[in-house]
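The values are calculated or read from the model by the stated rules, or taken from the named source; none is laboratory data. Everything numeric in this text was worked out from a predicted model, so none of it was measured. Glycine also receives a Cβ, built like all others from the backbone with ideal geometry; neighbour counts cover every protein chain displayed.
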Amino acid sequence: MDCIDRIIQVSWRHRVFFTDDLFEPANPLLRLTLRPSKAGSPQKTLVVLDQTLAASRPGLLNLISAYFAAHSDALNLVLPAVLVPGGENAKNSSSHVAAVHEAIHQHHIDRHSYVLAFGGGALLDTVGFAAATAHRGVRHIRVPTTTLSQCDSGVGVKNGINAFGKKNFIGSFSPPFAVINDFQLLSTLSPRDKRAGFAEAVKVACIRDRQFFEELERDAALLNNFDPGAMRQLIRRCAELHVTHIAESGDPFEFGTARPLDFGHWAAHKLEQLSRFRLRHGEAVAIGIALDILYSQRMGYLESLEAERVLQLLQKLGFELHAPELLLTDGRAQFSVFEGLQEFREHLGGQLAITFIRKIGNGFEANDVNTSIMREAILELRARHVGPLNEKLTVEA
């Protein structure tokens with residue numbers, strides 16, 4: 001056998017900026033980030049905007065156009081914006097990826113041009129995948145506009161859409177050229193969407209940073225009332241923990257067997273699907289965390305007092321820790337949510353690797369799940385919600 005064997009190393013720079021009023025002409029951040037490739041040549045830029053965001057902020061399109069007009073010596077906005085639906089359902093079709101590809105083609109966006117995506121995590125996933133696959137990758141800048149995307153999904157390196165009933169089945173790992181978090185873009189969110197990102201902060205605090213968890217406990221009342229200062233602090237620290245893991249874990253593109261930042265997510269992803277995305281991602285993550293906390297306690301990994309602290313924090317932040325989809329059963333009277341374990345196993349190459357915690361701030365990887373104990377945890381969540389349940393009341397999916 002003859003073989004040429006070389007190691008290819010690629011360095012990526014991952015930057016997350018924090019600002020206010022990104023499109024005020026006096027704010028230089030966007031101009032400095034979209035630096036021209038050639039001296040004297042304005043930088044071609046395609047903007048893709050979440051339709052819901054555009055509707056909730058009627059003046060945003062004009063603000064974007066005015067900013068580019070004010071900096072026309074350096075920036076070239078090729079058209080006002082491509083509007084794409086936001087929300088998880090937008091990821092259930094490839095048509096939106098095709099629409100972005102078409103705009104990239106029509107306006108001659110090349111690998112030295114930029115695609116700016118403004119929206120929540122679902123839109124950023126969709127546009128990021130389109131950018132990663134046009135010309136084998138054009139420069140992509142994310143401007144997350146939800147709490148969840150500013151502190152978690154928007155600062156990561158994953159892109160994707162859903163297919164075959166599975167979340168993010170089609171996608172890519174492609175670090176954005178930059179991420180810009182504008183705190184003012186959160187002002188028009190509904191309370192439900194402001195809260196959703198808090199679950200990801202609890203998640204990363206549980207598995208990475210006990211001090212951050214204690215800060216969340218301290219600020220829980222402020223966060224539940226959406227205090228701007230407390231929210232900024234949560235977003236900044238949560239984003240930092242996620243980016244640090246990506247940069248320093250040694251496995252930024254998840255070639256290994258684990259998804260360590262996905263604590264609580266095996267159930268959350270399935271609950272989103274079972275609810276037909278009635279549940280927001282953050283709401284499903286809160287339930288998934290609660291489920292895995294009770295499982296960790298029942299398995300003897302986690303002390304009861306620690307478990308109660310996590311559950312109480314989630315509730316103080318305003319999350320419901322149960323959803324009827326947890327009780328859906330398949331034809332074999334098994335809880336349908338357990339299909340999420342098999343989907344995680346397939347995603348990771350055949351070996352299951354689920355993150356649990358031994359104490360707050362200390363996550364670890366387990367390679368099997370006792371579904372009988374997990375069933376008990378599901379029933380306990382139900383009992384905590386409305387009282388003891390006769391298991392015969394479970395319904396078929």
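Of everything listed in (1) modelled with pLDDT of 90 or more; (2) within 19 Å of Lys167 (Cα to Cα), the single unmet condition for Leu321 is (2). Among the residues making up region 350-361, those that are assigned to a strand (DSSP E or B) and either crowded, with 16+ Cβ neighbours inside 10 Å or not assigned by TED's automatic domain parsing to the domain that holds Tyr301 (or both) are Ile354, Thr355, Phe356, Ile357.
Considering only residues of region 221-234 that are of a type in the set (A, V, I, L, M) and out of contact with any Gly (no Cβ under 9 Å at 6 or more places or on another chain), which is surrounded by the most Cβ atoms within 10 Å (Cβ to Cβ)?
Applying the first criterion (of a type in the set (A, V, I, L, M)) to region 221-234 yields 221-223, 230-231, 234.
Filter once more, so that each one left must be out of contact with any Gly (no Cβ under 9 Å at 6 or more places or on another chain): 221, 230.
Values: Ala221: 11, Ala230: 19.
Selected residue: Ala230.
For region 16-37, filtering for residues that are in contact with a strand residue (DSSP E or B) (Cβ under 6 Å, 6 or more places away or on another chain), within 17 Å of Tyr114 (Cβ to Cβ) and not hydroxyl-bearing (Ser, Thr, Tyr) leaves 6.
Being over 26 Å from Gly264 (Cα atoms) and either assigned to a helix (DSSP H, G or I) or not assigned by TED's automatic domain parsing to the domain that holds His96 (or both) is a property that Ala131 has.
Assess whether Leu241 counts as being more than 17 Å from Phe338 (Cα to Cα) and assigned to a helix (DSSP H, G or I). Answer is yes for this residue.
Under the condition of being within 29 Å of Leu279 (Cα to Cα), touching a residue at least 40 places away in the same chain (Cβ under 8 Å) and not in a loop (DSSP other than H, G, I, E, B), the residues counted in region 61-89 number 3. The set of residues in region 189-238 being farther than 23 Å from Gly87 by Cα, assigned to a loop (DSSP other than H, G, I, E, B) and free of Cβ contacts under 8 Å to residues at least 40 places away in the same chain consists of Asp219, Asn225, Asp227.
The criterion of being β-branched (Val, Ile, Thr) and in contact with a Leu (Cβ under 8 Å, 6 or more places away or on another chain) holds for Ile289.
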